[in-house]
1. Report, by residue number, each residue of the stretch 126-161 that is within 19 Å of the chain's Cα centre (by Cα), in a loop (DSSP other than H, G, I, E, B) and buried (at least 20 other Cβ atoms within 10 Å of the Cβ).
2. Hey, can you tell me all the residues within the stretch 27-51 that are touching a Ser or Thr at 6+ places or on another chain (Cβ under 8 Å), under 25 Å from A152 (Cα atoms) and hydrophobic (A, V, I, L, M, F, W, C)?
3. Please go through (1) under 20 Å from the mean Cα position of the chain (by Cα); (2) farther than 18 Å from S42 by Cα for V97 and return the number of the only condition it doesn't satisfy.
4. Out of everything in the stretch 49-87 that is assigned to a helix (DSSP H, G or I) and among the polar types (S, T, N, Q), what residue ends up being nearest to S185 (Cα to Cα)?
5. Regarding the stretch 88-108, can at least one residue be identified that is assigned to a strand (DSSP E or B), over 21 Å from E32 (Cβ atoms) and of a type in the set (D, E, K, R)?
6. Would you check if A312 is over 18 Å from T202 (Cβ atoms), modelled with pLDDT of 90 or more and in a loop (DSSP other than H, G, I, E, B)?
7. Of the conditions (1) surrounded by fewer than 21 Cβ atoms within 10 Å (Cβ to Cβ); (2) touching a residue at least 24 places away in the same chain (Cβ under 8 Å); (3) in contact with an Asp or Glu (Cβ under 9 Å, 6 or more places away or on another chain), S42 fails just one. Which one is it?
8. If S249 satisfies every condition in (1) more than 24 Å from the chain's Cα centre (by Cα); (2) farther than 19 Å from K335 by Cα; (3) among the small types (G, A, S) but one, which is the exception?
Amino acid sequence: MESHLEKILFLAFTESGALSNAALEALGAAIELKASVGASLSVGLIGETTREAADSIANCGADKFFAVSGGDFAQPRYATDASAAEAICRAAEPTIVIAASGSRASRALPGTAFRVGGRIDTHLTAINAANGQISVTRWFYRQRMEGTFSRAPRPWFLLLDSGCHAAIAGAAGSASVENITANISPRTTVEGVVVPRTGQQTIRPEAKLLFVTGAGWTKKQKDGQQHAVEAETIILNFLAQSQASLGSSKSLVDISGEGQAVLQFLTHLNQVGQTGATPRHPKGLSSCCHGEEPHVVGWRFINERRAINLDANCGWARGKADVLYVADAFEVMRKLNALLETKTLAAAK
């Protein structure tokens, strides 16, 4: 399709009336693509309230703003989300739809693409344009191969992974929004939301630091005893003070099935590696894991990697970490927690 015919739609689901950082990153990619191919740009917002979100990006360069809002769209549901996205797409008539690759969009937009006769690609890491041709980039085979491709069918839905593009900033104003009505017939009812206490939050996608734990935390220590309870205290204390995100090796999240001591707050959602997540944080600190290749795959996009391990010949020492601290993780993290506590107390005075 010729570039001058492209019509871009940025689509986002609001969170408490606002846009997430991942959504602002996707909008940044949409604005960049608009400039590259000379396309028009529309914004579509879905949520309980959308005014705050629309005004926060009013000066982003969009030609039109569309919104589907109301109590029916407060919580993620496939029936309501897909219908709302379909209504916006039929009003905007885009050829390219760009959204952040979050759980809500990933669930609803494939069905939306089918309803409007389009195609969809998820977990993209880049959206490019050269000589009027739009192409996208993503990883295949557990981030071992990178591929770039394009599609001719339109509309083409593009879901961009977080951390792959700079978020826009300073585009607030007063947006003129066209409210769209969606035909909905949900089969499910959201009766409430159960969330963990703030102190239990361990997964923070936008944290500056990823702290990864390995099975060494639950093994016998130099005194011949296991100290899993103390390990939990040390790790949770560090997470609370640093606001880091917590990752784990597969061996540690699977260890409960082996009848060994476990860290109670870990789940497979924390797993980083070939069979887990591939997070994108500026810095990463690994502790008590050996830097095996399947695990290191999950660190591919961490800019600065450091590790703590008593074994000077572990996998992290073989070019997989920028810095390896050959030391006892219990002792290092106790000292680090003490330093963070001193810093916090000094700042409070």
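The values are calculated or read from the model by the stated rules, or taken from the named source; none is laboratory data. Treat the numbers as computed from the prediction; the structure is a model and nothing was measured. All Cβ positions, even for glycine, are placed from backbone atoms using ideal geometry, and neighbour counts span all protein chains on display.
1. Correct list: D161 only.
2. If the condition is that a residue be touching a Ser or Thr at 6+ places or on another chain (Cβ under 8 Å), under 25 Å from A152 (Cα atoms) and hydrophobic (A, V, I, L, M, F, W, C), then V37, A39 are the ones that fit.
3. (2)
4. Keep residues of the stretch 49-87 that are assigned to a helix (DSSP H, G or I), which gives 51-56, 71-73, 78-87.
Keeping just the survivors that are among the polar types (S, T, N, Q) gives 56, 80, 83.
Values: S56: 31, T80: 7, S83: 9 Å.
The selected residue is T80.
5. Within the stretch 88-108, the first condition is being assigned to a strand (DSSP E or B), and the residues that meet it are 96-100.
Those still in the list that are over 21 Å from E32 (Cβ atoms) too: none.
No, because not a single residue in the stretch 88-108 is assigned to a strand (DSSP E or B), over 21 Å from E32 (Cβ atoms) and of a type in the set (D, E, K, R).
6. Details: over 18 Å from T202 (Cβ atoms): yes; modelled with pLDDT of 90 or more: yes; in a loop (DSSP other than H, G, I, E, B): yes.
Answer is yes for this residue.
7. (1)
8. Here S249 clears every test but (1).
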